[in-house]
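Structure first, commentary second.
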Ligand SMILES: Nc1ncnc2c1ncn2[C@@H]1O[C@H](COP(=O)(O)OP(=O)(O)O)[C@@H](O)[C@H]1O
Ligand SMILES: [Mg+2]
């Protein structure tokens with residue numbers, strides 16, 4: 001079999017974009033200013049029809065983040081987590097996934113109109129992926145709806161851009177963590193705070209709160225009172241009042257969901 005131009009090649013002698021244009025069709029390009037990560041990414045279609053997502057760091061910071069992300073993906077595998085399969089020089093190669101980013105107001109509104117059982121399946125998959133993350137000794141940072149890609153045709157949730165995930169627990173040595181205010185736990189804003197599984201519980205509780213609601217204002221909860229009580233305990237300001245870890249949260253959520 002001939003070598004695969006993305007999976008069997010380690011180094012490329014030409015700039016990434018011209019390499020990609022030589023092996024297939026670049027049908028999407030993601031870069032500044034929409035992407036502020038210091039990365040540029042491409043959607044590439046090969047003559048075989050296969051589609052791939054290739055992401056390359058362009059700054060020293062982005063290169064460090066990318067190295068940690070590679071380690072994360074080697075240690076954590078889950079069907080919902082889009083894997084990093086190969087390094088092509090400094091870039092990483094991931095399978096392309098169809099779907100709408102739930103950060104986009106249009107896709108989020110569409111997601112919120114889905115039947116409740118379908119939303120619950122997506123939330124269960126989000127929790128299940130984080131059971132795998134937790135079991136591997138990692139935890140989310142910067143988890144928000146920009147990491148949630150929902151394939152409406154296949155009713156499948158995919159997790160992308162988990163580049164800020166870190167080994168768990170850790171001490172916050174900056175003024176705050178990267179992330180979206182709507183999802184972040186209070187301790188993520190305090191230099192010196194311990195960031196641990198209870199922080200993850202908060203962030204996942206926020207994701208559930210926001211996604212199982214008909215609107216942005218959190219006034220139209222679509223779940224049951226019992227489910228809401230689980231979310232409320234997950235998102236207590238004081239970490240000791242929350243569930244201890246994702247296992248406990250997922251257990252409580254699943255028994256409330258039936
Ligand atoms: N595996 C993938 N398949 C399809 N689209 C993807 C994939 N990963 C990311 N994307 C799209 O590319 C955009 C940029 O990717 P992302 O990893 O978020 O880059 P950055 O870290 O630069 O923000 C995402 O917002 C999403 O729309
Ligand atoms: Mg991103």
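Nothing in this text is a laboratory measurement; each read-out follows from the coordinates by a stated rule. Just so it is clear, the model here is predicted, and its values are computed rather than measured. Cβ placement follows ideal geometry from the backbone for every residue including glycine, while neighbour counts extend to all protein chains displayed.
Angle check, please: helix 60-75 long axis (alpha carbons) against the longest principal axis of the chain (alpha carbons), in degrees 0 to 90, nearest 10.
Helix 60-75 sits roughly 70 degrees off the main axis of the chain.
Please list 200-213, 88-101 highest first by mean number of surrounding beta-carbon atoms within 10 Å per residue.
Values: 200-213: 23.0, 88-101: 17.1.
Order by mean packing, descending: 200-213, 88-101.
In terms of the Cα gyration tensor, with a ≥ b ≥ c the square roots of its eigenvalues, is region 195-258 rounded because a/c is under 1.5, prolate because a/b exceeds b/c, or oblate?
Because a/c hits 1.5 or more and a/b fails to exceed b/c, region 195-258 counts as oblate.
With an 8 Å cut-off on Cα pairs and a minimum separation of 6 or more residues, tell me the relative contact order of region 208-258 in percent.
26
Where a ≥ b ≥ c are the square roots of the eigenvalues of the C-alpha gyration tensor, would you call the chain rounded, which needs a/c under 1.5, or, failing that, prolate if a/b is larger than b/c, or oblate?
Here the chain falls in the prolate category.
In a Gaussian network model over the chain where Cα atoms closer than 10 Å are linked, find which of 13, 57, 105 has the largest mean-square fluctuation.
The residue with the greatest mean-square fluctuation here is 13.
Connecting C-alpha atoms closer than 10 Å in a GNM of the chain, tell me which of 130, 158, 190 has the biggest fluctuation.
Comparing 130, 158, 190 in the GNM, the peak value goes to 190.
In whole angstrom, how far apart do the alpha carbon centroids of region 31-92 and region 101-124 sit?
25
Taking Cα atoms, how many degrees apart are the long axis of helix 116-135 and the longest axis of the chain, rounded to 10 and kept between 0 and 90?
The helix 116-135 is inclined about 70 degrees to the chain.
Could you give the length gained on full extension between residue 110 and residue 8, defined as 0.36 nm per residue of separation minus the Cα-Cα distance, in nm?
32.8 nm
Which of the peptides 43-49, 77-83 is most tightly packed, and how do the rest follow, judged by the mean count of other Cβ atoms within 10 Å per residue?
For the peptides 43-49, 77-83, the packing ranking is 77-83, 43-49.
On C-alpha positions alone, give me the angle between the axis of helix 246-257 and the longest principal axis of the chain, in degrees, nearest 10.
60
Could you tell me whether region 14-130 comes out rounded, prolate or oblate from its Cα gyration tensor? Rule is a ≥ b ≥ c as square roots of the eigenvalues, rounded for a/c under 1.5, then prolate if a/b exceeds b/c, otherwise oblate.
Here region 14-130 falls in the prolate category.
What number, in percent, do you get for the relative contact order of the chain if the mean sequence gap of Cα pairs under 8 Å and at least 6 apart is divided by its residue count?
14
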